[in-house]
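Here is the structure we will look at, set down as structure tokens.
The values are calculated or read from the model by the stated rules, or taken from the named source; none is laboratory data. Everything quoted here is computed from the prediction, not taken from an experiment. Here the Cβ is made from the backbone with ideal geometry for all residues, glycine too, and neighbour counts use every protein chain on show. The area values use the complete protein model at the heavy-atom level, side chains included, leaving out ligands, DNA and RNA. Shrake-Rupley method; radii C 1.70, N 1.55, O 1.52, S 1.80 Å.
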Amino acid sequence: MNDQLKMSRQRILYVVLTVLLVCGILACIFFPQLRSLFSGRQQEAQKNLFAMDTYITMTAYGTEPEAALEEAARRLTEAEKLWSVTDPGSDIYALNHSHGQGVTVSEDTKDILSFVLEMAEETGGALEPTIYPVLTAWGFTTEENRVPNASEITSLLAYVGYDRVRLEGNTVTLEPGMMLDLGAVGKGYAGDLAAEILRERDITSALLDIGGNIQTIGSRPDGNPWRLGLRDPFSDGILGVLEISNMAVVTSGSYERYFVAEDGTRYGHIIDPETGYPVDNGLAAVTIVVDEGRVGDALSTALFVMGLEGAAEYWRQHQDFDMILITDEGAIYITEGIADAFSLNEEHGDMALHVLQ
Ligand code: ADP
Ligand code: MG
């Protein structure tokens, strides 16, 4: 009797173990992330660096994430060397000191320039890569901020006009006095170059934080979407959480870099190319959600210049990206494509949330 009880207990144990084993095998077959976790192939690595005037953190998951991140970091550093306005060895520096002479630039510089000129055209000049002389007058390039007088601004606006940049093959020609600045798109563009390297090296899951520009590859290693905090433009906190996969999330706002003049007026670092004055149109921040970082970066700056109405109109005409606009009054406008992916933090429950359709 006792022996029989032992036998049937053993049998139950065998059955339970067999069922568990089969379930485990099935789970590994249907959830690749789990499989690679067990086989030890999916490893996490992180790389921090300072480039393009900002802190960069890249986290990647894959078979050899360290090597992939090293190469991506090299690509970012390379891009910085080409596009820096202050490095005398950069393509942009050479152009800004070319006194009207044509300059032969690298393939990467030619590519980003043709992209930025195209986006300038597409946004009706709200994105203006030749705004640099005006930006300098406001002191944003030296951190010695000042308020230029109206006639100084007017005379500097004569050197602004993306449509006068000549790009023929790899030769770029600027009129004397004109200057280029890729500050509005460089980080997003470089992020795309880094992401391209990671994808080529079989990284299927990664998060790149390039000074607040977020670019993601795939989903989190557990298969769930990335959860990104949306910065509150009025404090250091987070407004809410955006759940996304395989997308770039890029924000422009006046709260990032600004100065307060003697009379108390706040001046931000994004210039309205029509007036030559820092944008002050009622928008506090613009976040773009789109597959390519370069497009997100270009649009976040341009739509910030356009203001609420202009940005909403631009979105209705294009519809190939999503966005979140936050006004100075604290109202939030979100496009329908990401409305369900965004959740406002409880303490901000009083903020008005409007869905754009
Ligand atoms: P951040 O660099 O803080 O992420 P942006 O991507 O919006 O912000 O880029 C802002 C930078 O772009 C400014 O610091 C300046 O170098 C440049 N810039 C300012 N106004 C314009 C504009 N209207 N068009 C293109 N570039 C601009
Ligand atoms: Mg930008």
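Things worth noting here:
- Projected onto their three principal axes, the Cα atoms of the chain cover extents of 106, 49, 37 Å, largest first.
- Extension reserve of the Val241-Gln101 stretch, reckoned as 0.36 nm per residue once the Cα distance is removed: 45.5 nm
- Across Glu168, Glu329, the residue with the most accessible area heads the list, and the full order at a 1.4 Å probe is Glu329, Glu168.
- Charge dipole (the chain, unit charges on Cβ, about Cα centre) - positive-most of Asn224, Leu17, Thr287: Leu17
- Radius of gyration and Dmax over the Cα atoms of the range 133-196, both given in Å: 14.9, 45
- Peptide ranges 121-132, 188-199, 155-166 listed from the most packed, as the mean C-beta count within 10 angstrom indicates: 188-199, 121-132, 155-166
- Of the whole protein surface, Trp226 contributes about 20 Å² of accessible area at a 1.4 Å probe radius.
- Listed residues Gly124, Ala190, Thr104: farthest to the positive end of the dipole of the chain (Cβ charges): Ala190
- Applying the Karplus relation 6.51 cos²θ - 1.76 cosθ + 1.60 with θ = phi - 60° to the range 170-176 yields 3J(HN,Hα) values of 9, 9, 10, 10, 10, 5, x Hz, where x marks Gly and Pro.
- Sorting Leu167, Leu135 by solvent-accessible area of protein heavy atoms yields Leu167, Leu135, largest first, with a 1.4 Å probe.
- In Hz, Karplus ³J(HN,Hα) per residue of the range 292-301 (6.51, -1.76, 1.60; θ = phi - 60°; x = Gly, Pro): 9, x, 4, 5, x, 5, 4, 6, 4, 5
- Ratio of Rg to Rh over the range 225-356 (Cα coordinates, Kirkwood Rh, two decimals): 0.96
- Mean Cβ count within 10 Å, highest first, over the residues of peptides 52-64, 89-101: 52-64, 89-101
- Residue among Phe321, Ile244, Leu356 farthest towards the positive dipole end of the chain, charges placed on Cβ: Ile244
- Rounded to the nearest 10 Å², the accessible area of Asp202 at probe 1.4 Å: 110 Å²
- With every protein chain in place, the chain: carbon and sulfur % of accessible area (1.4 Å): 51 percent
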